[in-house]
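Shown next, in C-alpha coordinates, is the structure this report addresses.
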Amino acid sequence: MNKDTDRDKSPPVSVSVLGATGSVGRAALQVIEQGNFEVIALCAQKDLEGLVALCRRHRPRFAALGEARLLQPLRRALQGSGTVAGAGENAVLEAADMESATTVAAISGIDGLVPTLHAARRTTTLVLANKECVVAGGAWFLEECARHRSPVVPADSEHNAIFQILEREKGARSMVERIVLTASGGPFLDLSEEQLSRVTLRQACAHPNFRMGAKISVDSATMMNKALEVVEAARLFALDEGAIDIVVHPQQIVHGMVVYGDGSVFALAGACDMRLPLWHALHWPHRTSARREGAQGLDWRSVSTLAFRPLDRQRFPAPDLARASLTNPIAPVVLNAANEAIVEAFLHERIAFHQIVPLVQEVMQKHDTAKLDAPDSLKRVLTIDAYGRRLARECLERQAVSASLASRPLAEAGLLQQA
Ligand SMILES: NC(=O)c1ccc[n+]([C@@H]2O[C@H](COP(=O)([O-])OP(=O)(O)OC[C@H]3O[C@@H](n4cnc5c(N)ncnc54)[C@H](OP(=O)(O)O)[C@@H]3O)[C@@H](O)[C@H]2O)c1
(Lines give C-alpha, C1' and ligand atoms only; values in the text may rest on other atoms or scores of the structure.)
Protein backbone atom coordinates (compact mmCIF):
# COMPACT_ATOMS: atom_id res chain seq x y z
CA MET A 1 0.00 0.00 0.00
CA ASN A 2 1.30 3.47 -0.92
CA LYS A 3 2.25 5.47 2.19
CA ASP A 4 1.07 8.71 0.51
CA THR A 5 -2.41 7.22 0.07
CA ASP A 6 -2.44 6.26 3.75
CA ARG A 7 -1.47 9.80 4.66
CA ASP A 8 -4.25 11.24 2.51
CA LYS A 9 -6.71 9.20 4.59
CA SER A 10 -5.32 10.56 7.85
CA PRO A 11 -6.89 13.69 9.38
CA PRO A 12 -5.77 16.92 7.71
CA VAL A 13 -2.81 18.76 9.19
CA SER A 14 -3.81 22.14 10.61
CA VAL A 15 -1.81 25.05 9.20
CA SER A 16 -1.70 28.85 9.49
CA VAL A 17 -0.01 31.23 7.08
CA LEU A 18 1.41 34.51 8.39
CA GLY A 19 1.99 36.84 5.46
CA ALA A 20 -0.56 35.00 3.31
CA THR A 21 -0.88 37.61 0.54
CA GLY A 22 2.85 37.78 -0.19
CA SER A 23 4.87 35.87 -2.72
CA VAL A 24 5.84 33.08 -0.27
CA GLY A 25 2.43 33.06 1.44
CA ARG A 26 0.62 32.52 -1.86
CA ALA A 27 3.08 29.83 -2.97
CA ALA A 28 2.59 28.06 0.40
CA LEU A 29 -1.19 28.18 -0.04
CA GLN A 30 -0.87 26.60 -3.48
CA VAL A 31 1.03 23.72 -1.87
CA ILE A 32 -1.47 23.55 1.00
CA GLU A 33 -4.35 23.32 -1.46
CA GLN A 34 -2.79 20.26 -3.06
CA GLY A 35 -1.93 18.46 0.17
CA ASN A 36 -3.97 17.20 3.11
CA PHE A 37 -4.27 20.39 5.18
CA GLU A 38 -6.88 22.40 7.03
CA VAL A 39 -6.25 26.16 7.07
CA ILE A 40 -6.72 27.67 10.52
CA ALA A 41 -5.60 31.31 10.23
CA LEU A 42 -4.35 33.68 7.56
CA CYS A 43 -2.97 37.16 8.05
CA ALA A 44 -1.53 40.03 6.04
CA GLN A 45 -0.90 43.74 6.56
CA LYS A 46 -3.15 45.77 4.24
CA ASP A 47 -4.08 43.75 1.13
CA LEU A 48 -7.81 43.54 1.86
CA GLU A 49 -8.87 42.20 -1.54
CA GLY A 50 -6.05 39.68 -1.65
CA LEU A 51 -6.80 38.32 1.83
CA VAL A 52 -10.55 38.12 1.17
CA ALA A 53 -9.95 36.16 -2.05
CA LEU A 54 -7.63 33.74 -0.18
CA CYS A 55 -10.26 33.33 2.58
CA ARG A 56 -12.93 32.45 0.02
CA ARG A 57 -10.66 29.80 -1.41
CA HIS A 58 -9.11 28.33 1.76
CA ARG A 59 -11.88 28.95 4.34
CA PRO A 60 -9.70 29.68 7.41
CA ARG A 61 -11.33 30.01 10.82
CA PHE A 62 -9.72 33.40 11.38
CA ALA A 63 -8.27 36.09 9.13
CA ALA A 64 -6.48 39.26 10.21
CA LEU A 65 -5.07 42.40 8.64
CA GLY A 66 -2.42 44.42 10.47
CA GLU A 67 -4.03 47.76 9.59
CA ALA A 68 -6.76 48.41 12.17
CA ARG A 69 -8.70 50.77 9.84
CA LEU A 70 -9.54 47.77 7.64
CA LEU A 71 -11.60 45.93 10.29
CA GLN A 72 -15.06 46.94 9.05
CA PRO A 73 -14.37 46.33 5.32
CA LEU A 74 -12.81 42.93 6.18
CA ARG A 75 -15.77 42.01 8.40
CA ARG A 76 -18.25 43.02 5.70
CA ALA A 77 -16.40 41.07 3.04
CA LEU A 78 -16.21 37.91 5.17
CA GLN A 79 -19.75 38.07 6.57
CA GLY A 80 -21.44 34.67 6.40
CA SER A 81 -18.26 32.98 5.12
CA GLY A 82 -17.48 31.18 8.40
CA THR A 83 -14.21 33.13 8.76
CA VAL A 84 -13.97 35.46 11.75
CA ALA A 85 -12.27 38.76 10.87
CA GLY A 86 -9.83 40.80 12.93
CA ALA A 87 -7.63 43.83 12.30
CA GLY A 88 -4.78 45.62 14.05
CA GLU A 89 -1.49 44.39 15.45
CA ASN A 90 -3.20 42.33 18.16
CA ALA A 91 -5.37 40.59 15.57
CA VAL A 92 -2.21 39.51 13.71
CA LEU A 93 -0.91 38.10 17.01
CA GLU A 94 -4.28 36.40 17.56
CA ALA A 95 -3.83 34.70 14.18
CA ALA A 96 -0.32 33.63 15.19
CA ASP A 97 -1.65 32.33 18.54
CA MET A 98 -4.30 30.04 17.04
CA GLU A 99 -3.48 26.38 17.50
CA SER A 100 -2.09 24.78 14.35
CA ALA A 101 0.34 21.92 13.84
CA THR A 102 2.28 23.90 11.24
CA THR A 103 2.80 27.63 10.74
CA VAL A 104 4.24 29.25 7.66
CA ALA A 105 6.18 32.35 8.78
CA ALA A 106 6.18 34.51 5.65
CA ILE A 107 5.75 38.09 6.88
CA SER A 108 8.53 40.22 5.43
CA GLY A 109 11.17 41.93 7.54
CA ILE A 110 11.54 42.40 11.29
CA ASP A 111 7.74 42.88 11.47
CA GLY A 112 7.57 39.11 11.24
CA LEU A 113 9.56 38.53 14.43
CA VAL A 114 6.85 39.01 17.09
CA PRO A 115 4.08 37.07 15.26
CA THR A 116 6.54 34.24 14.47
CA LEU A 117 7.64 34.16 18.09
CA HIS A 118 3.99 33.94 19.20
CA ALA A 119 3.51 30.96 16.89
CA ALA A 120 6.73 29.29 18.12
CA ARG A 121 5.69 29.70 21.75
CA ARG A 122 2.49 27.69 21.27
CA THR A 123 4.45 24.73 19.80
CA THR A 124 4.15 24.31 16.07
CA THR A 125 6.37 23.24 13.19
CA LEU A 126 7.68 26.54 11.87
CA VAL A 127 8.06 26.64 8.10
CA LEU A 128 10.37 29.61 8.19
CA ALA A 129 10.65 31.93 5.21
CA ASN A 130 11.23 35.09 7.25
CA LYS A 131 15.02 35.03 7.44
CA GLU A 132 15.05 38.31 9.39
CA CYS A 133 13.72 36.36 12.44
CA VAL A 134 16.90 34.28 12.47
CA VAL A 135 19.24 37.11 11.46
CA ALA A 136 18.00 39.55 14.10
CA GLY A 137 16.64 37.06 16.67
CA GLY A 138 19.78 34.95 16.32
CA ALA A 139 20.59 32.26 18.85
CA TRP A 140 17.98 33.59 21.28
CA PHE A 141 15.15 33.17 18.75
CA LEU A 142 16.23 29.62 17.89
CA GLU A 143 16.55 28.75 21.59
CA GLU A 144 12.99 30.01 22.15
CA CYS A 145 11.79 27.74 19.33
CA ALA A 146 13.66 24.78 20.82
CA ARG A 147 12.40 25.53 24.35
CA HIS A 148 8.80 25.40 23.12
CA ARG A 149 9.51 22.29 21.01
CA SER A 150 8.79 24.08 17.76
CA PRO A 151 11.01 22.62 15.05
CA VAL A 152 12.26 25.14 12.51
CA VAL A 153 12.21 23.94 8.90
CA PRO A 154 13.72 26.55 6.59
CA ALA A 155 11.72 27.43 3.50
CA ASP A 156 14.43 29.53 1.86
CA SER A 157 15.50 27.24 -0.99
CA GLU A 158 19.24 27.30 -0.13
CA HIS A 159 18.71 26.60 3.56
CA ASN A 160 16.04 24.05 2.86
CA ALA A 161 18.56 22.24 0.63
CA ILE A 162 21.24 22.25 3.34
CA PHE A 163 18.65 21.18 5.94
CA GLN A 164 17.61 18.21 3.78
CA ILE A 165 21.21 17.09 3.17
CA LEU A 166 22.25 17.42 6.84
CA GLU A 167 19.17 15.54 7.97
CA ARG A 168 19.85 12.72 5.51
CA GLU A 169 23.47 12.44 6.63
CA LYS A 170 22.73 12.88 10.35
CA GLY A 171 25.41 10.40 11.42
CA ALA A 172 28.13 12.40 9.62
CA ARG A 173 27.45 15.81 11.22
CA SER A 174 30.98 16.06 12.65
CA MET A 175 32.41 15.45 9.17
CA VAL A 176 30.79 18.56 7.65
CA GLU A 177 33.65 20.75 6.38
CA ARG A 178 31.65 23.49 4.69
CA ILE A 179 28.39 24.33 3.07
CA VAL A 180 27.83 26.16 -0.20
CA LEU A 181 24.96 28.57 -0.75
CA THR A 182 24.22 29.21 -4.40
CA ALA A 183 23.32 32.72 -5.54
CA SER A 184 21.41 33.66 -8.69
CA GLY A 185 23.45 36.87 -8.75
CA GLY A 186 20.29 38.92 -9.17
CA PRO A 187 19.38 41.07 -12.17
CA PHE A 188 22.63 43.08 -12.17
CA LEU A 189 25.18 40.30 -12.02
CA ASP A 190 27.07 41.42 -15.10
CA LEU A 191 26.73 45.20 -14.78
CA SER A 192 29.82 47.34 -14.28
CA GLU A 193 30.07 49.65 -11.26
CA GLU A 194 29.22 52.54 -13.58
CA GLN A 195 26.12 50.74 -14.90
CA LEU A 196 25.12 49.84 -11.33
CA SER A 197 25.02 53.55 -10.53
CA ARG A 198 22.27 54.03 -13.12
CA VAL A 199 19.83 51.20 -12.38
CA THR A 200 16.22 52.11 -11.67
CA LEU A 201 13.75 51.11 -8.99
CA ARG A 202 11.74 49.00 -11.41
CA GLN A 203 14.84 47.18 -12.64
CA ALA A 204 15.90 46.48 -9.05
CA CYS A 205 12.50 44.97 -8.23
CA ALA A 206 12.56 42.54 -11.19
CA HIS A 207 14.37 39.33 -10.20
CA PRO A 208 15.36 37.17 -13.20
CA ASN A 209 14.03 33.86 -11.79
CA PHE A 210 11.47 34.62 -9.07
CA ARG A 211 8.56 36.98 -8.54
CA MET A 212 9.17 38.13 -4.99
CA GLY A 213 8.24 40.95 -2.62
CA ALA A 214 9.87 44.35 -3.25
CA LYS A 215 12.24 44.25 -0.27
CA ILE A 216 13.72 40.81 -0.99
CA SER A 217 13.95 41.67 -4.72
CA VAL A 218 16.11 44.70 -3.91
CA ASP A 219 18.12 42.58 -1.44
CA SER A 220 18.73 40.04 -4.22
CA ALA A 221 19.91 42.80 -6.54
CA THR A 222 22.39 44.18 -3.97
CA MET A 223 23.34 40.65 -2.80
CA MET A 224 22.26 41.69 0.68
CA ASN A 225 19.85 38.76 0.47
CA LYS A 226 22.83 36.41 0.20
CA ALA A 227 24.49 38.33 3.02
CA LEU A 228 21.48 37.76 5.28
CA GLU A 229 21.45 34.13 4.17
CA VAL A 230 25.05 33.70 5.37
CA VAL A 231 23.97 34.85 8.85
CA GLU A 232 20.83 32.70 8.63
CA ALA A 233 22.91 29.63 7.71
CA ALA A 234 25.51 30.30 10.42
CA ARG A 235 22.71 30.40 13.02
CA LEU A 236 20.52 27.58 11.71
CA PHE A 237 23.35 25.11 11.19
CA ALA A 238 25.74 26.33 13.94
CA LEU A 239 28.61 27.04 11.54
CA ASP A 240 31.38 29.64 11.49
CA GLU A 241 31.17 32.10 8.61
CA GLY A 242 34.44 30.63 7.26
CA ALA A 243 32.62 27.34 6.66
CA ILE A 244 29.96 28.99 4.49
CA ASP A 245 30.79 29.57 0.82
CA ILE A 246 28.77 31.49 -1.73
CA VAL A 247 28.93 30.52 -5.37
CA VAL A 248 27.12 32.34 -8.18
CA HIS A 249 24.86 29.97 -10.11
CA PRO A 250 22.41 31.98 -12.23
CA GLN A 251 20.41 28.91 -13.34
CA GLN A 252 19.39 28.26 -9.72
CA ILE A 253 19.14 24.52 -10.29
CA VAL A 254 21.56 23.55 -7.51
CA HIS A 255 20.24 25.19 -4.34
CA GLY A 256 22.82 24.18 -1.76
CA MET A 257 25.74 21.83 -1.20
CA VAL A 258 27.45 20.22 1.77
CA VAL A 259 31.13 19.25 1.61
CA TYR A 260 32.13 16.34 3.86
CA GLY A 261 35.55 15.45 5.25
CA ASP A 262 35.89 12.42 2.97
CA GLY A 263 35.69 14.68 -0.09
CA SER A 264 32.07 13.83 -0.89
CA VAL A 265 29.89 16.75 -1.91
CA PHE A 266 26.13 16.41 -1.58
CA ALA A 267 24.11 18.83 -3.70
CA LEU A 268 20.38 19.34 -3.73
CA ALA A 269 19.08 20.20 -7.18
CA GLY A 270 15.64 20.89 -8.54
CA ALA A 271 13.51 23.36 -10.42
CA CYS A 272 13.75 27.00 -9.42
CA ASP A 273 10.30 27.14 -7.82
CA MET A 274 9.61 28.20 -4.21
CA ARG A 275 6.83 25.61 -4.07
CA LEU A 276 9.44 22.82 -3.97
CA PRO A 277 11.12 23.76 -0.67
CA LEU A 278 7.68 24.74 0.66
CA TRP A 279 6.30 21.31 -0.29
CA HIS A 280 9.15 19.63 1.56
CA ALA A 281 8.88 21.90 4.62
CA LEU A 282 5.09 21.64 4.84
CA HIS A 283 5.22 17.84 4.76
CA TRP A 284 8.30 17.46 6.96
CA PRO A 285 9.22 15.07 8.59
CA HIS A 286 7.60 12.93 5.88
CA ARG A 287 8.60 12.93 2.25
CA THR A 288 5.49 13.01 0.14
CA SER A 289 5.22 12.92 -3.64
CA ALA A 290 4.28 16.23 -5.18
CA ARG A 291 2.18 14.38 -7.69
CA ARG A 292 -0.24 17.16 -8.50
CA GLU A 293 0.56 20.28 -10.46
CA GLY A 294 1.91 22.18 -7.40
CA ALA A 295 5.64 21.60 -7.48
CA GLN A 296 7.06 21.70 -10.96
CA GLY A 297 9.59 19.13 -12.11
CA LEU A 298 12.86 19.87 -13.86
CA ASP A 299 13.42 18.51 -17.34
CA TRP A 300 17.05 17.37 -17.12
CA ARG A 301 17.13 16.82 -20.89
CA SER A 302 16.99 20.60 -21.26
CA VAL A 303 19.93 21.16 -18.87
CA SER A 304 23.12 20.69 -20.88
CA THR A 305 25.49 22.52 -18.50
CA LEU A 306 25.55 23.71 -14.92
CA ALA A 307 27.47 26.97 -14.59
CA PHE A 308 29.10 28.25 -11.39
CA ARG A 309 31.39 31.22 -10.83
CA PRO A 310 32.85 33.06 -7.87
CA LEU A 311 31.15 36.09 -6.41
CA ASP A 312 32.69 39.45 -7.39
CA ARG A 313 33.23 40.82 -3.89
CA GLN A 314 34.32 44.21 -5.19
CA ARG A 315 31.03 44.96 -6.95
CA PHE A 316 28.95 43.07 -4.37
CA PRO A 317 30.47 43.69 -0.91
CA ALA A 318 27.30 42.98 1.09
CA PRO A 319 28.14 39.33 1.97
CA ASP A 320 31.48 40.48 3.43
CA LEU A 321 29.56 42.85 5.70
CA ALA A 322 27.50 39.92 6.92
CA ARG A 323 30.59 37.80 7.53
CA ALA A 324 32.18 40.58 9.57
CA SER A 325 28.94 41.02 11.55
CA LEU A 326 29.09 37.43 12.79
CA THR A 327 31.91 38.25 15.19
CA ASN A 328 29.42 39.95 17.53
CA PRO A 329 25.77 38.94 18.20
CA ILE A 330 24.65 42.59 18.15
CA ALA A 331 26.05 43.40 14.70
CA PRO A 332 23.67 41.21 12.59
CA VAL A 333 20.68 42.90 14.28
CA VAL A 334 22.11 46.31 13.32
CA LEU A 335 22.91 45.08 9.80
CA ASN A 336 19.36 43.85 9.27
CA ALA A 337 17.77 47.01 10.72
CA ALA A 338 20.02 49.35 8.71
CA ASN A 339 19.38 47.44 5.52
CA GLU A 340 15.59 47.47 6.03
CA ALA A 341 15.56 51.23 6.69
CA ILE A 342 17.88 52.01 3.77
CA VAL A 343 16.03 49.75 1.31
CA GLU A 344 12.79 51.44 2.41
CA ALA A 345 14.39 54.81 1.49
CA PHE A 346 15.33 53.37 -1.92
CA LEU A 347 11.78 52.05 -2.45
CA HIS A 348 10.55 55.60 -1.74
CA GLU A 349 13.09 56.91 -4.26
CA ARG A 350 15.03 58.93 -1.70
CA ILE A 351 18.35 57.36 -2.65
CA ALA A 352 19.79 55.63 -5.70
CA PHE A 353 20.40 51.90 -5.96
CA HIS A 354 24.19 52.11 -5.78
CA GLN A 355 23.96 54.04 -2.48
CA ILE A 356 22.21 51.23 -0.58
CA VAL A 357 25.17 49.04 0.40
CA PRO A 358 27.62 51.92 1.09
CA LEU A 359 25.03 53.43 3.44
CA VAL A 360 24.63 50.10 5.25
CA GLN A 361 28.42 49.91 5.37
CA GLU A 362 28.50 53.37 6.97
CA VAL A 363 26.06 52.26 9.68
CA MET A 364 28.15 49.16 10.36
CA GLN A 365 31.26 51.32 10.75
CA LYS A 366 29.48 53.72 13.10
CA HIS A 367 27.61 51.32 15.35
CA ASP A 368 28.98 50.86 18.84
CA THR A 369 28.23 47.47 20.38
CA ALA A 370 29.58 48.59 23.77
CA LYS A 371 26.45 50.73 24.17
CA LEU A 372 24.09 47.77 23.90
CA ASP A 373 23.14 44.60 25.74
CA ALA A 374 23.37 41.25 23.95
CA PRO A 375 20.22 40.33 21.97
CA ASP A 376 18.99 37.70 24.44
CA SER A 377 15.37 38.81 24.81
CA LEU A 378 12.72 40.27 22.55
CA LYS A 379 13.07 43.66 24.23
CA ARG A 380 16.82 43.71 23.65
CA VAL A 381 16.54 42.60 20.03
CA LEU A 382 13.99 45.35 19.36
CA THR A 383 16.16 47.93 21.17
CA ILE A 384 19.15 47.07 18.96
CA ASP A 385 16.87 47.09 15.90
CA ALA A 386 15.67 50.61 16.80
CA TYR A 387 19.29 51.72 17.32
CA GLY A 388 20.27 50.38 13.87
CA ARG A 389 17.34 52.21 12.27
CA ARG A 390 18.26 55.45 14.06
CA LEU A 391 21.83 55.24 12.76
CA ALA A 392 20.49 54.50 9.27
CA ARG A 393 18.18 57.52 9.44
CA GLU A 394 21.12 59.72 10.45
CA CYS A 395 23.19 58.43 7.53
CA LEU A 396 20.24 58.95 5.16
CA GLU A 397 19.74 62.50 6.42
CA ARG A 398 23.41 63.32 5.93
CA GLN A 399 23.17 61.81 2.48
CA ALA A 400 20.13 63.99 1.68
CA VAL A 401 21.97 67.13 2.82
CA SER A 402 24.99 66.35 0.65
CA ALA A 403 22.70 65.49 -2.28
CA SER A 404 20.90 68.83 -1.92
CA LEU A 405 24.26 70.58 -1.92
CA ALA A 406 25.24 68.81 -5.13
CA SER A 407 24.65 70.71 -8.34
CA ARG A 408 21.81 68.51 -9.65
CA PRO A 409 19.25 66.51 -7.62
CA LEU A 410 19.34 62.72 -8.11
CA ALA A 411 16.04 62.62 -9.99
CA GLU A 412 17.23 65.32 -12.38
CA ALA A 413 20.47 63.47 -12.90
CA GLY A 414 18.40 60.52 -14.13
CA LEU A 415 19.42 58.18 -11.31
CA LEU A 416 15.91 57.61 -10.06
CA GLN A 417 13.92 57.55 -13.26
CA GLN A 418 11.50 54.65 -13.72
CA ALA A 419 12.48 52.14 -16.42
N1 LIG B 1 9.82 35.63 -2.19
C2 LIG B 1 10.69 34.63 -2.10
O3 LIG B 1 10.91 33.92 -3.08
C4 LIG B 1 11.40 34.34 -0.80
C5 LIG B 1 12.31 33.27 -0.75
C6 LIG B 1 12.92 32.98 0.45
C7 LIG B 1 12.65 33.72 1.60
N8 LIG B 1 11.79 34.77 1.52
C9 LIG B 1 11.52 35.55 2.73
O10 LIG B 1 10.13 35.41 3.04
C11 LIG B 1 9.61 36.60 3.62
C12 LIG B 1 8.43 37.08 2.77
O13 LIG B 1 8.90 37.39 1.46
P14 LIG B 1 7.88 37.74 0.28
O15 LIG B 1 8.69 37.86 -0.94
O16 LIG B 1 6.73 36.76 0.30
O17 LIG B 1 7.37 39.18 0.75
P18 LIG B 1 6.08 39.96 0.25
O19 LIG B 1 5.63 39.45 -1.07
O20 LIG B 1 6.38 41.40 0.40
O21 LIG B 1 4.94 39.54 1.33
C22 LIG B 1 5.00 39.93 2.66
C23 LIG B 1 3.76 39.46 3.37
O24 LIG B 1 3.82 39.88 4.73
C25 LIG B 1 2.65 40.67 5.04
N26 LIG B 1 3.03 41.65 6.04
C27 LIG B 1 3.96 42.63 5.94
N28 LIG B 1 4.04 43.32 7.09
C29 LIG B 1 3.14 42.75 7.94
C30 LIG B 1 2.73 43.01 9.27
N31 LIG B 1 3.30 44.01 9.99
N32 LIG B 1 1.77 42.24 9.82
C33 LIG B 1 1.20 41.24 9.12
N34 LIG B 1 1.54 40.94 7.85
C35 LIG B 1 2.49 41.69 7.28
C36 LIG B 1 2.24 41.27 3.70
O37 LIG B 1 0.90 41.71 3.73
P38 LIG B 1 0.34 42.77 2.61
O39 LIG B 1 0.37 42.02 1.30
O40 LIG B 1 -1.03 43.07 3.07
O41 LIG B 1 1.28 43.93 2.64
C42 LIG B 1 2.46 40.04 2.82
O43 LIG B 1 1.42 39.11 3.02
C44 LIG B 1 10.79 37.59 3.66
O45 LIG B 1 11.37 37.55 4.92
C46 LIG B 1 11.76 37.04 2.61
O47 LIG B 1 13.10 37.37 2.91
C48 LIG B 1 11.16 35.08 0.35
Q: Restricting to the chain, compute how many DSSP beta bridges are antiparallel as a %, nearest 5.
A: 25
Q) Check Phe37: other-chain or 5+ apart residues with amide H under 5 Å from its amide H, H built from backbone geometry? A) Val13
Q. When the Cα centres of the stretch 219-274 and the stretch 121-137 are compared, how far apart do they sit, in Å?
A. 19
Q. Suppose every K and R has +1 on its Cβ and every D and E has -1 on its Cβ; what is the size of the dipole of the chain about the Cα centre, in Debye to the nearest 20?
A. 860
Q: Using the Karplus curve 6.51 cos²θ - 1.76 cosθ + 1.60 with θ = phi - 60°, work out ³J(HN,Hα) for each residue of the stretch 362-367 in order, rounded to whole Hz, and write x for Gly and Pro.
A: 4, 4, 5, 6, 7, 5
**Q.** Of Phe353, Phe308, Ser16, farthest towards positive along the dipole that unit charges on Lys, Arg, Asp, Glu beta carbons give the chain
**A.** Ser16
Q) Farthest toward the dipole's positive end in the chain, which of Val39, Gln203, His367, given Cβ charges of +1 (Lys, Arg) and -1 (Asp, Glu) about the Cα centre? A) Val39
(Q) Give me a comma-separated list of calculated 3J(HN,Hα) values for the stretch 280-286, in order, Karplus coefficients 6.51, -1.76, 1.60 applied at θ = phi - 60°, integers in Hz, x for any Gly or Pro. (A) 4, 5, 5, 9, 3, x, 8
Q: Skip the ligands, DNA and RNA, and give the accessible area per residue of the chain with a 1.4 Å probe, whole Å².
A: 45
Q. Heavy-atom accessible area of Trp279 with all protein chains present, probe 1.4 Å, nearest 10 Å²?
A. 20
Q: Rounding to the nearest 20 debye, state how big the charge dipole of the stretch 3-155 is about its Cα centre with +1 on each Lys and Arg Cβ and -1 on each Asp and Glu Cβ.
A: 300
**Q.** C-alpha center-to-center spacing [the stretch 178-216, the stretch 84-102] in angstrom
**A.** 34
Q. FRET efficiency for Thr305 and Glu143, Cβ-Cβ distance as r, R0 = 51 Å, nearest 0.05?
A. 0.75
Q. Of the heavy-atom accessible surface of the stretch 7-50 (probe 1.4 angstrom), what whole percent is carbon and sulfur?
A. 51
Q. Counting only protein heavy atoms and using a 1.4 Å probe, what share of the accessible area of the stretch 83-170 belongs to carbon plus sulfur, as a whole percent?
A. 48
Q. To the nearest 500 deg cm²/dmol, what mean residue ellipticity at 222 nm is calculated for the chain from DSSP H runs of n ≥ 4 alone, each contributing -39,500 (n - 2.57), summed and divided by the residues?
A. -13500 deg cm²/dmol
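The values are calculated or read from the model by the stated rules, or taken from the named source; none is laboratory data. Just so it is clear, the model here is predicted, and its values are computed rather than measured. Cβ atoms come from the backbone with ideal geometry, glycine included; neighbour counts cover every protein chain shown. Note: accessible area is taken over every heavy atom of the protein model, side chains too, but ligands, DNA and RNA are not part of it. Shrake-Rupley method; radii C 1.70, N 1.55, O 1.52, S 1.80 Å.
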